[in-house]
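Following: one structure in structure tokens, then a few remarks.
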Amino acid sequence: MKNRLIYAGVGIVIVSFYIFWNNYYLSNLYFLFFASFLILELRNIFKIARNELIFIFGTVYCFVIAGVLIFTFQLPALLLEKVGAVLICGQFFVYSTFLIVKNEILDSLKKTCIQVFVSFYIIFIFFQFLRLKYFYWFQHDLQSVDEEQDLLMIFYSLFPFYISWVIDGAAFFIGKTMGKKKLGLAASPNKTWAGLIASFLLTPLGFYLYKYFLLVFYPEILSKSLFAISLPKIIVFSWAIVILGLLGDLIGSLHKRGGNLKDSGSFLKGHGGLYDRIDSTIAINFFFYYAVIFFSR
């Protein structure tokens, strides 16, 4: 428990720097740092050979470099999605050629699918954190925003972390104290009905408190944001987030157990690793990003 609390505090500080420091180049360094740890943990889970990591790292790093160049030369942000698709297709052919040269026939299809999956996961799912933080550039090609837009993006970027902490906190503490009946899921045998019910009950409250904070301190931001939705919509939206967060968590647990691992890595002691800590947050952020796009139309 001590390690869990200490590393949770360190994680909050790191995430806070990422969210509140508005610099595109620095944010890309943040992304590369965490993406690198995530790739290494996925390597342990999927048993990727050390010498084959170069294909994944090369694809991801080229993608980020392309993003920086596109931003620097003020090219359309939409171009980056095409670059990502081209890089992953290129990785497929280059890696397949590598297997042919090595005469690697056994499990070649499985290995190729894992290679492409990890790169796709980092570029098109994990990268959504950066897309949300710089929403106006990725959606409208606006490199500079006014103070109000900047504040809105801060609150949007913070929300997936905040709401996933609400979900995890409710499930963990209520599950530990009151949870006797297990959900009976092989992927995550410690999850309880009490923890799940607590998540469904407390997440709408957490959402409403977030909205109330904006109402008190930033009413002008609230009126132009997704958080201005009514209470019934807050409840439905919160339940959708709980379900997606649970699925993200279970998929992460499924991957770990499929790789015969208890923890995805040792980066966050007491939390089971980086992937284990943010698997649900990644799923929530992915959903929330497209909810923001829909709301902004």
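Some notes on this structure:
- When you restrict to C-alpha pairs under 8 Å that are six or more residues apart and normalise by the size of the stretch 150-287, the relative contact order lands at 23 percent.
- Pairs beyond 30 Å (Cα-Cα), from Lys111/Lys181; Lys111/Lys176; Lys82/Lys111; Lys47/Lys181: Lys111/Lys181; Lys111/Lys176; Lys47/Lys181
- Rg over Rh [alpha-carbon atoms, Kirkwood Rh] for the stretch 1-139: 1.03
- Applying a length cut-off of 20 Å (Cα extent along the axis) and a mean Kyte-Doolittle floor of 0.0 to the DSSP H helices of the chain leaves 2-20, 24-46, 53-72, 79-101, 147-178, 193-217, 231-258, 274-295.
- Cβ-based net charge around Ala35, under 15 Å, with every Lys or Arg adding one and every Asp or Glu removing one: +2
- Around Tyr156: net Lys/Arg minus Asp/Glu count, Cβ-Cβ under 14 Å: +2
- Mean separation of Cα contacts under 8 Å, 6 or more apart, over the residue count of the chain: relative contact order %: 22 percent
- Taking Cβ atoms as reference points and 15 Å as the exclusive limit, the residues near Val118 contribute a net charge of +3, counting Lys and Arg as +1 and Asp and Glu as -1.
- Share of carbon and sulfur in the accessible area of the stretch 167-265 stands at 71%, probe radius 1.4 Å.
The values are calculated or read from the model by the stated rules, or taken from the named source; none is laboratory data. On a predicted model such as this, the values are computed, not experimentally measured, just so you know. Quick reminder, even Gly has a Cβ in these numbers, built from the backbone with ideal geometry, and neighbours come from all protein chains shown. These area figures cover heavy atoms from the full protein model, side chains too; ligands, DNA and RNA do not enter into them. Shrake-Rupley method; radii C 1.70, N 1.55, O 1.52, S 1.80 Å.
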